[in-house]
1. When the range 29-87 is examined, which residues are found to be among the polar types (S, T, N, Q) and closer than 21 Å to Pro119 by Cα?
2. Hey, can you tell me all the residues within the range 243-272 that are within 16 Å of Trp215 (Cβ to Cβ) and either assigned to a strand (DSSP E or B) or of a type in the set (Gly, Ala, Ser) (or both)?
3. Grab the strands (runs of 3 or more DSSP E) fully contained in the range 1-113, keeping just those with 3 or more residues being closer than 30 Å to Gly250 by Cβ and within 19 Å of the chain's Cα centre (by Cα).
4. Give the residues of the range 193-242 that are part of a strand (DSSP E or B), in contact with an Asp or Glu (Cβ under 9 Å, 6 or more places away or on another chain) and modelled with pLDDT of 95 or more, sorted by residue number.
5. Where residues in the range 264-301 are touching a residue at least 60 places away in the same chain (Cβ under 8 Å) and among the hydroxyl-bearing types (Ser, Thr, Tyr), which of them is nearest to Tyr100 (Cα to Cα)?
Amino acid sequence: MNPGNKKELFTRHPANPILTVNDWHYCAHTVFNPGATKLQDGTTLLLCRVEDHRGFSHLCAARSANGVDGWIIDDHPTFESDPINHPAELWGVEDPRITYLKDKAEYVITYTAFGKAGPGVAIATTKDFKTFERMGLVMQPDDKDAAIFPTLFDGNYAMIHRPIAKSGAHIWISFSPDLHNWGGHEMILPARKGAWWDANKIGLSPPPIETDRGWLVLYHGVRTHANGSLYRLGLALFDKAHPHTCLLRGQSWIFGPEADYELNGDVGNVVFPCGFTIGEDGDTINMYYGAADTSICLATSSIKKLLLWLDYDGREVTNLEEIEASEIADA
């Protein structure tokens with residue numbers, strides 16, 4: 001394989017879309033952007049964003065023995081907004097990412113709470129995806145595209161997120177001793193400028209993937225053109241012990257909308273992953289993504305393949321040279 005051939009990095013599953021709103025047992029408009037995890041019994045669970053006919057979103061669980069078909073879908077919303085106790089969720093909850101925390105033996109869900117002030121980052125925890133404990137808003141609007149690392153760093157949890165700052169929409173990291181209080185905010189990956197495929201606006205896609213060489217971070221870049229916006233995926237590698245340090249950043253995008261179900265839908269030209277699982281071989285990546293804000297799809301790759309490609313197409317990142325120092329100071 002030529003590691004520079006981006007066409008080979010992810011392979012779409014022939015059954016795509018693997019889930020559509022027609023699979024739901026109650027009335028809804030579209031399903032997309034699922035968080036993903038493997039339960040202790042090996043079942044794949046997707047926590048799907050479901051948009052109703054008002055335009056508001058909630059989350060609904062779908063379970064499968066093989067992660068491809070035979071989905072068992074909750075017959076009612078699994079996690080709904082709670083605007084009375086959490087006003088930041090007035091207009092819904094969106095785009096979950098799931099991380100299993102071994103130290104707590106529970107799953108932590110980061111999601112976008114959509115309220116009058118705009119989108120913000122909220123956290124909830126669960127052990128069974130039936131009952132949930134809300135922590136509420138932890139990053140104020142405008143902020144989204146957040147996920148927790150599965151390990152502690154010097155006793156602290158770490159979270160990647162994407163606030164909107166004066167300098168633009170870049171990827172940041174923050175740290176917390178308890179998942180409630182966050183600090184140590186630092187920009188770790190800037191959107192590039194000019195003609196780049198990821199110019200001006202980027203954000204985390206699935207949670208970071210742990211490898212022997214560091215943390216693989218799949219992120220989306222948005223390029224605006226005459227017909228609207230185009231969402232594609234890129235790749236970066238961060239230091240395993242120091243997750244704020246970017247070691248390699250790919251220059252080219254590695255996955256973008258090409259299939260009809262990605263090009264056409266409520267929001268065309270969008271592939272938007274929020275979750276992944278790792279195969280029994282410890283290498284296969286099963287990436288679950290929303291297609292055109294309308295359906296849920298699956299594409300596969302491997303950790304080895306992505307690392308090989310980064311060695312070919314990536315370059316070392318020693319500073320945030322794409323952003324002027326004055327702009328960072330204003331962020």
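1. Our first condition is that a residue be among the polar types (S, T, N, Q); within the range 29-87, this holds for 30, 33, 37, 40, 43-44, 57, 64, 66, 78, 81, 85.
Listed by number, the residues that qualify are Thr30, Asn33, Ser57, Thr78, Ser81, Asn85.
2. Taking the range 243-272 as the starting set, the residues that turn out to be within 16 Å of Trp215 (Cβ to Cβ) are 243-250.
Listed by number, the residues that qualify are Cys246, Leu247, Leu248, Arg249, Gly250.
3. On the way: elements: 30-38, 44-51, 57-64, 93-101.
Counting at least 3 such residues, we get 30-38, 44-51, 93-101.
4. Selection gives Ile202, Gly203, Leu204, Gly214, Trp215, Leu216, Tyr219, His220, Gly221, Arg232, Gly234, Leu235.
5. So the residue we want is Thr277.
The values are calculated or read from the model by the stated rules, or taken from the named source; none is laboratory data. Everything numeric here is computed off the predicted structure, so don't read it as measured data. Every residue, glycine as well, gets a Cβ built from its backbone with ideal geometry; the counts of neighbours run over all protein chains shown.
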